[in-house]
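The values are calculated or read from the model by the stated rules, or taken from the named source; none is laboratory data. Since the model is a prediction, treat every value here as computed from it, not as a measurement. Positions of Cβ are backbone-derived with ideal geometry, glycine not excepted, and every protein chain shown enters the neighbour counts. Side chains included, ligands, DNA and RNA excluded: accessible areas come from the protein's heavy atoms. Shrake-Rupley method; radii C 1.70, N 1.55, O 1.52, S 1.80 Å.
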Amino acid sequence: MKGLKGAKVMRENPPLLFPPPSSSPVSEVHCRNFGREKALVYQDSNLVSGTLEALIQHLVPTETYYPDRAFIFAFLLSSRLYIRPHELLGRVFRLAITTPTHSPKYVATRVSNVPNMVKLLGEWTELFPYDFRDELMMAHVRNITQKCVTDSPPIRVEVSQLLTTLLAKLTALEKYEDFLHRINTEAALGDPHVCLPVKAICPDPKMLAKQLTHIELERLSYIGAEEFVQAFAKDSAQVESSYKELKKTRNLESYVQWFNRLSYYVATEICKGPKKKSRVRLVEYWIEVARECFNIGNFNSLMAIIAGLNMAPVARLKKTWNKVCTAQLAILEHQMDPSANFSAYRSALKETLWRSVGVVDERQKIVIPFFSLLVKDLYFLNEGCASKLPNGYINFEKIWQFAKQVTEVLALQQIHCSYPKVQPVLNTLNASPILSESALCLVSYEREAADSSQERERLKYLLREEMSSSEVSDSSPKKKHFKKTKKVMNPGSHSNPSVSASADNKLPEVSEPTASASAQVLYMCTCPRVKATFSWALSLQLRLT
């Protein structure tokens, strides 16, 4: 997506790419007509609304007209809420290439329009390559390219290059998805108790923070711009019935799941420590890693580590925390304080973005925002105003603003991580098995005994669930795994993370959501500051799944 590199300037001067339409009541409003009931409405020379038909017509290139790149991106991004991408491509092709007769005049016009049509197709494949995983889209591409090459043979080289670039992007995506499947399978089948702690593999917190940055940037880079629209598509009546068909990738969800995995991994590493002294060192180690993430500009890993340190199984280890110097952690928690809409974090992020502009050193350009908050901001932007106006026109002011925010995210995807990769550390972070919430709690109670009536009731509940789970799985292969884990954990194993406490148990704090790991993070956090932060994770993941 090299054409979007210039979008980084938006951090300094957004109006250059997406001029915000004026909301002044005295602004001049005029319409551009495309026939009966087909119009585009402009306000102070900015497109503010229009019918779907008029907007599609505005996208169609001609011999003398080519749509602005900002409009192409904004409309292709949000048009999927109203029309499926393959249907849009087919209509644009018919309007641009198809002629009413075979007269020389019309044929000459069609031929002269071929370069602009190929250019538009090239921009579409560059900005939204994942749209072309759809067989119907590729059928249109074959028809368009064949027609263009037939009408204008010299365009063959450009078409060939376009298709080669698209194939490379789709192949890279497929390899990435295979990689995620492999590491997720490896993590699910492994035993957390027999894995070496990451501190033994990477004793240097700075090095670990750099490897986390590699993972963050890689996962962020694979998120397609359209996924931000599709994440909220269920709220649109126009696309709800075909939502699954629209959804060709799950890279956004995978990135959210990585955040939760890192939080659970931090908690797993600490709770695995058999002695108080080792747990103290592990807590201090992760605090140092979090500090280095902050220094690098990796706010997503920073927040995940803070969440892991504040999970209930870790936070309750009072004897361990009494030996930990928490001054650095307090500073970091203050930076990520959710009060005043994360004002402290937003100030730090703004400063980091400002610092990254114009620098030569690639390492100073690294900015990785707290992703859940970024998606939350996009969600409220999407929900803040209507997608359609009372007259039925599409609200293009909203589309401009949404596209501007998404473009800023795409600019972050261009960041290159120049730190050297340490593959054993990356493998450990990506594929090491982690304990479920119930297993973490049981290990935590083994490390430091329950010291309150509430904790003792919680422990009894978990043990009952483990016994019930063991009885149910008597004839399954899980029984063998359970016995192995029970021996190590003494007692207990990986409990079902979707278990909910009944009303009779009178343990509302035990109730765990069934949707996903994102939702579980909310229930695992006892620190009010962190719990407030992850209240968004619950609604986000429920929306995504």
Do we have Thr51 as of a type in the set (Ser, Thr, Tyr), in contact (Cβ under 8 Å) with a residue 24 or more places away in the chain and buried (at least 16 other Cβ atoms within 10 Å of the Cβ) here?
-> yes
Residue check: is Lys460 assigned to a helix (DSSP H, G or I), open to solvent by 30 Å² or more (accessible area, probe 1.4 Å) and at pLDDT 75 or above?
-> yes
Would region 395-406 turn up any residue that is crowded, with 18+ Cβ neighbours inside 10 Å and either among the hydroxyl-bearing types (Ser, Thr, Tyr) or not in a helix (DSSP H, G or I) (or both)?
-> no
Pick out the one residue from Ala312, Ala327 that is over 22 Å from Gln454 (Cβ atoms) and of a type in the set (Gly, Ala, Ser).
-> Ala327
Kindly check whether there is at least one residue in region 339-349 that is open to solvent by less than 10 Å² (accessible area, probe 1.4 Å) and under 15 Å from Thr213 (Cα atoms).
-> no
So is Phe75 under 27 Å from the mean Cα position of the chain (by Cα), at pLDDT 95 or above and surrounded by fewer than 20 Cβ atoms within 10 Å (Cβ to Cβ) or not?
-> no
Enumerate the pairs (first residue in region 281-302 and farther than 19 Å from Phe259 by Cβ and touching a residue at least 40 places away in the same chain (Cβ under 8 Å); second residue anywhere and open to solvent by 60 Å² or more (accessible area, probe 1.4 Å) and part of a helix (DSSP H, G or I)) with beta-carbon separation below 6 Å, excluding pairs fewer than 6 apart on the same chain, so at least 6 apart or on different chains.
-> Tyr285/Lys199
State the number of residues belonging to region 388-429 that are free of Cβ contacts under 8 Å to residues at least 60 places away in the same chain and touching a Pro at 6+ places or on another chain (Cβ under 6 Å).
-> 0
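Conditions (1) assigned to a helix (DSSP H, G or I); (2) touching a Leu at 6+ places or on another chain (Cβ under 9 Å); (3) polar (S, T, N, Q), marked per residue:
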{"site": "Tyr176", "(1), (2), (3)": "yes, no, no"}
{"site": "Pro203", "(1), (2), (3)": "no, no, no"}
{"site": "Lys206", "(1), (2), (3)": "yes, no, no"}
{"site": "Leu212", "(1), (2), (3)": "yes, yes, no"}
{"site": "Leu217", "(1), (2), (3)": "yes, yes, no"}
{"site": "Leu220", "(1), (2), (3)": "yes, yes, no"}
{"site": "Val229", "(1), (2), (3)": "yes, yes, no"}
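Yes/no per residue for (1) at negative phi; (2) without any contact (Cβ under 8 Å) to a residue 24 or more places away in the chain; (3) of a type in the set (Asp, Glu):
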{"residue": "Asp134", "(1), (2), (3)": "yes, no, yes"}
{"residue": "Cys148", "(1), (2), (3)": "yes, no, no"}
{"residue": "Pro153", "(1), (2), (3)": "yes, yes, no"}
{"residue": "Leu163", "(1), (2), (3)": "yes, yes, no"}
Limited to region 417-443, what total is found for residues that are of a type in the set (Ser, Thr, Tyr) and either open to solvent by 40 Å² or more (accessible area, probe 1.4 Å) or more than 30 Å from Ile368 (Cβ to Cβ) (or both)?
-> 2
Any chance region 332-342 includes a residue that's part of a helix (DSSP H, G or I), touching a residue at least 24 places away in the same chain (Cβ under 8 Å) and within 30 Å of Gln230 (Cβ to Cβ)?
-> yes
